[in-house]
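> A single structure is presented below for examination.
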Amino acid sequence: MLSNLVEMPLFGVGLTLVVYALAQLLYQRTRSVWFNPVLVSIVAIIGILKTGGISYEKYSLGGDLILFLLGPSVVALAVPLYQRRSEILKRKKPILVGVFAGAVSSIISASGLAWVLGGSRDVVYSLAPKSVTTPIAISIVEKIGGVAPLTAALVVLTGCLGAVCGPEFCRLIGIRSSVATGLAVGTAAHGIGTARMLEVDRLAGAVSGLAIGLNGLVTTFILPLMFLFFD
């Protein structure tokens, strides 16, 4: 009976939703950034699959349905962006420059370090779009020749680290502007970081949501051009 349930798409969807709901409850109780719901859910689901001897292929029958919803969820971030559009338009030039600089530095810092340390071509290419939201990052990697599962894992890890450490790091180095903080976290940590920024400040969350889309566009255009030098 249990084995039949595991092989149904409903298993992956149900497990993900239940674990995330419990992780969200834990976060609301503790309010600790180290109990980020996405991070806790990832660790918990991996533990459940390992303990139960359940293969990822069986889980992904339903888990992929949730992955499909990543695209619409990013589009939903347009709501706070629209609500704060007048404040954002006043700062359009610094925002565009900041996103471009963040996109380029993200690619160079990750892929460049891997290349210097002797990483393979696949690893270097897979690291490049780590700061872009998952659907865009996977699409980019499939075009340039990286490893899509590795990229997906790196994107989620980057988002979790950005959500946990991003706002605190900005405060530590003296950044007090909501726009600057949101721009930095959104460019570096995509949707997971943006969810955190929406909790901290609505304007910062709106700018962070804008940074996701702009970073995706910039990375999509410049990454293939940059990697022409490696071929």
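> Whole Å is fine, so just give me how far the alpha carbon centre of region 133-185 lies from that of region 12-90.
15 Å
> Roughly how big is region 116-227's charge dipole about its Cα centre, with Cβ charges of +1 (Lys, Arg) and -1 (Asp, Glu), in debye to the nearest 20?
Details: 7 positive and 5 negative charges, 25 e Å.
For this selection, approximately 120 debye.
> Checking a compactness column here: for region 110-158, what do you get for Rg(Cα) / (2.2 N^0.38 Å), N being the number of residues?
Normalised by 2.2 N^0.38 Å, the Cα Rg of region 110-158 equals 0.99.
> Sticking with this structure for a sec: Stokes-Einstein D for region 109-231 at 4 °C, 1.567 mPa s, Kirkwood Rh over Cα pairs, in µm²/s?
89 µm²/s
> Considering the convex hull of the alpha carbon atoms of the chain, report its projected area averaged over all viewing directions, in nm², one decimal.
Averaged projected area of the chain's Cα convex hull equals 13.8 nm².
> To continue, here is another question. Could you list Leu25, Leu157 in order of exposure, starting from the residue whose Cβ has the fewest other Cβ atoms within 10 Å?
Taking fewest neighbouring Cβ atoms as first place, the list is Leu25, Leu157.
> Multiplying the sequence separation of Glu57 and Ala76 by 0.36 nm and subtracting their Cα-Cα distance, what value in nm do you get?
Stretched out fully, the Glu57 to Ala76 stretch lengthens by 3.9 nm.
Computed from the coordinates by the stated procedures, all read-outs in this text should not be read as laboratory data. Predicted model, so just to flag it, every value in this text is computed and none were measured. No Cβ is skipped: glycine too gets one built from the backbone with ideal geometry, and neighbour counts run over all protein chains shown.
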